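Working notes, beginning with the structure itself.
Bear in mind that the values in this text are calculations on the coordinates, not laboratory data. Treat the numbers as computed from the prediction; the structure is a model and nothing was measured. Note that we place each Cβ from the backbone using ideal geometry, even for glycine, and neighbour counts take in every protein chain shown.
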Amino acid sequence: MQNFKYLKSLFTVFNIILCCNGSLKESYSTLQFGYRLYQRMIESYLNYSILDCVEECLRTTRCQSVNYYKGANFCENNFESNTTEPEMYREDSGWIYTDIKNWDKGLTGSCSEQSCSINEKCIHQSLGNSKCVLSDCGIPTNMRNTTWNVKDGDGIGIYKEMHIKCHESYEQRGSGRLLCLEKGTWKSDLVCKGDSMVNTGNR
C-alpha cells in the first residue's frame, strides 16, 4: 500500500512537469506589471515567489486573482479580479497582477483534482494526498452595509480583519471592525439602525 501511494505521488509530480512546463511561459507572459487590485483580499503571504503566490490562489476556491510585490516578495490573493471590479484595478508601480484563469491548475499537484467548497482551500498532505480546510469567512453582505470603505490590508481570510460601514441612509453604531474567527464566522460590533447585528453571510 505504501509503495502504491509513493508511485501515485511520483506520477502526480510527473504530470505536473508534463502539463505545466509548456504553459508556464505563456502564463508568465500574461503578468501585468505596475498594476494592483485594491481592497479585495482574502489572504496575504510574505517571502513567497510569484509562482508560490499563484499556486496558493489556485488552491483557494474563492481566489480569482493575485497581487505580487517583487521587492518584498509579498503576495495578496483576491476574491475578485480586474474584470469583476474594474474600478478597484489601478496603476501602482512595483506591483504585478495576474488573473488566476491564466494559470494551469496542474501547478497544485495533489490539489488539482480536489473540489473544495467556496470558503475552503486545498492543502497538501503526505504521499500525494490533500484535504480541504476553511480559508475565509465569506464576503460581508447586507443591504444596510457596504464594503466600499475597507482599508488597505483588510482581508476576509481566517484571523484577518475587515472594516466596513453602514450605508449613508442608516445610523451606524460600533467601529465597523470585523474579525474572521477560526471557525469561519465574523465577529463584529457593527450595528446599523434597526439592525441587531451586521449580517455577514458567506458569499
field: Protection proxy ranking of 121-129, 56-64 - average other beta-carbon atoms within 10 Å, highest first
entry: 56-64, 121-129
field: segment 30-46 versus segment 73-113: alpha-carbon centroid distance in Å
entry: 6 Å
- request: Pop out the ³J(HN,Hα) list for segment 95-104 in order, Karplus 6.51 cos²θ - 1.76 cosθ + 1.60 with θ = phi - 60°, rounded to Hz; leave Gly and Pro as x.
  value: 8, 10, 10, 8, 6, 6, 5, 7, 10, 7
task: Under 19 Å Cα to Cα from residue 151, which aspartates and glutamates show up? Leave out anything in the same chain fewer than 8 places away.
output: 43, 76, 80, 85, 87, 91, 92, 136, 161, 168, 189
task: Take the Cβ-Cβ distance between residue 118 and residue 171 as r, set R0 to 35 Å, and report the resulting FRET efficiency rounded to the nearest 0.05.
output: 0.60
